[in-house]
Amino acid sequence: MPALSISNLSAGYGSIRILSDINLSIAPGEICGLIGPNGVGKSTLLRSILQIAVDSSGEISICGSRLSSLSNNQKARMVSYLPQNFNPQSRLTVAETVLLGRHPYRSGWALDSAEDLETAERCMLETDTWDLRDRIFSNLSGGEKRLVLLASALAQEPELLLLDEPGSSLDFRHQLNMWLLLKKLSSRGIAILVSTHEVAISGRYLDSVLVLSDGRSRAFGSPADVFTTEILSEVFNVNLLVSHDRATRSWVIVPEVKQ
C-alpha cells in the first residue's frame, strides 16, 4: 500500500492554475525528491497534499485512506510538513517549539507526558539541536531554525514527511547530516517527499525523483534516469554537463563551457 498516492492532481490559487495532471506514488520507506525551477509549483504540490490554502482537484490518498475522509487530527498524526516559510519571531524556546509536534497526541490542555518529553529529546538529538533546547527560537540563525522545525516535524512521528527545501540556510555539514538523517528515517518505514535544489548532493540518497516543468511532470524515475544532461538542461534552461560519480554515488553538475 502506498504511503502517498496522487492521481490527476491539478492545483492553484483562485483562477491561477499552477499544477496540472500530476500523478505520483510513494511507498513506505521511500525518499522521493521534488525538483524544478523556482515558481514551478513544488510548494503548491506539498501544500495540496494537506489542502493548505490551495484550490485543487484530483484524488489524494495517504496510507490507503482518501485525504477527504481523514479528520485534521488524523492527518496530523499521519503527516508532518516542514514549510519553506515559518514564524521567525516566535518567543518559544527550542524545546517548546519541538513539543508543538506532539499536539496531535494530546487531549485538551493536558500537560506534556513523559512520552512527549522523551520523543522531543530524541528528535532534538537526531537533528543536532539538543544543545539549543533552552534558546529562544527567534534568536536562532536561519539554519538553526530549520533544524528545530525539522525536529518538531519528527516529533509528530509521521508515516509521511513533507519537506519544502529543508536544506535551505544550512551549511554543508548540516546539509549532509540532514540527508543522512532522512535516509535513517526512511529505513524506519517513513515515506518522505522533499523539495530540493541540492541536486548534486541529493542524488545519492533519493529513491525516486519527480521533475516539474511548467506546472506539469517532465520526468519521474530513479536519479540515474532523471538526473541527465538533457532533462536538467531543458528544465532549468541552462547548459549543464551531468556525470555520475560512481565512487560517491553523487551527481556532478557543472555549466557547459564554450570556447
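Can you tell me the order of 234-240, 129-135 when each peptide is scored by its average per-residue count of other Cβ atoms within 10 angstrom, highest first?
129-135, 234-240
Quick one: net charge of S43's neighbours, Cβ under 10 Å, K/R +1, D/E -1?
The answer is 0.
Ranking F86, F137 by Cβ neighbours within 10 Å, fewest first, what do you get?
Least to most surrounded, the residues fall as F86, F137.
Using alpha carbons only, how many angstrom separate the centre of the range 123-151 from the centre of the range 1-77?
For the range 123-151 versus the range 1-77, the Cα centre distance is 28 Å.
In what sequence do H103, H197 fall when counting other Cβ within 10 Å, fewest first?
Ranked by crowding around the Cβ, least crowded first: H103, H197.
Quick check: pseudo-label points 7 Å beyond the Cα along Cα→Cβ at S217 and E230, how many nm apart are they?
1.9 nm
Which net charge results when you count Lys and Arg as +1 and Asp and Glu as -1 among the other residues whose beta-carbon is under 12 Å from that of P104?
Neighbourhood net charge equals +2.
Search the structure for amide H atoms under 5 Å from the amide H of L241, placed 1.01 Å from N in the peptide plane, and list their residues when 5 or more places away or on another chain.
V254, E256
At a threshold of 8 angstrom on Cα-Cα distance, excluding pairs fewer than six apart, so keeping six or more, what relative contact order does the range 106-259 reach in percent?
Relative contact order comes out at 14 percent.
Once fully extended, how much extra length lies between V238 and S69, figured as 0.36 nm per residue of separation less the alpha-carbon to alpha-carbon distance?
Here the answer is 56.5 nm.
Can you count the Lys pairs in the chain whose Cα atoms are under 29 Å apart, with each pair 8 or more apart or on different chains?
Lysine pair count for the chain: 9.
Rounded to the nearest 500, what is the chain's calculated 222 nm mean residue ellipticity when only DSSP H runs of at least 4 contribute -39500 (n - 2.57) each, over all residues?
Theoretical 222 nm ellipticity from helices: -8500 deg cm²/dmol.
If you place +1 on the Cβ of every Lys and Arg, -1 on the Cβ of every Asp and Glu, and leave all else neutral, what size is the dipole of the range 4-255 about its Cα centre, to the nearest 20 Debye?
Dipole magnitude for the range 4-255 comes out near 160 debye.
Could you line up I192, I18, I52 from fewest to most neighbouring Cβ atoms inside 10 Å?
Taking fewest neighbouring Cβ atoms as first place, the list is I52, I18, I192.
FYI, it's all coordinate maths here, none of it is from the lab. Keep in mind the model is a prediction, meaning the values are calculated, not measured. Here the Cβ is made from the backbone with ideal geometry for all residues, glycine too, and neighbour counts use every protein chain on show.
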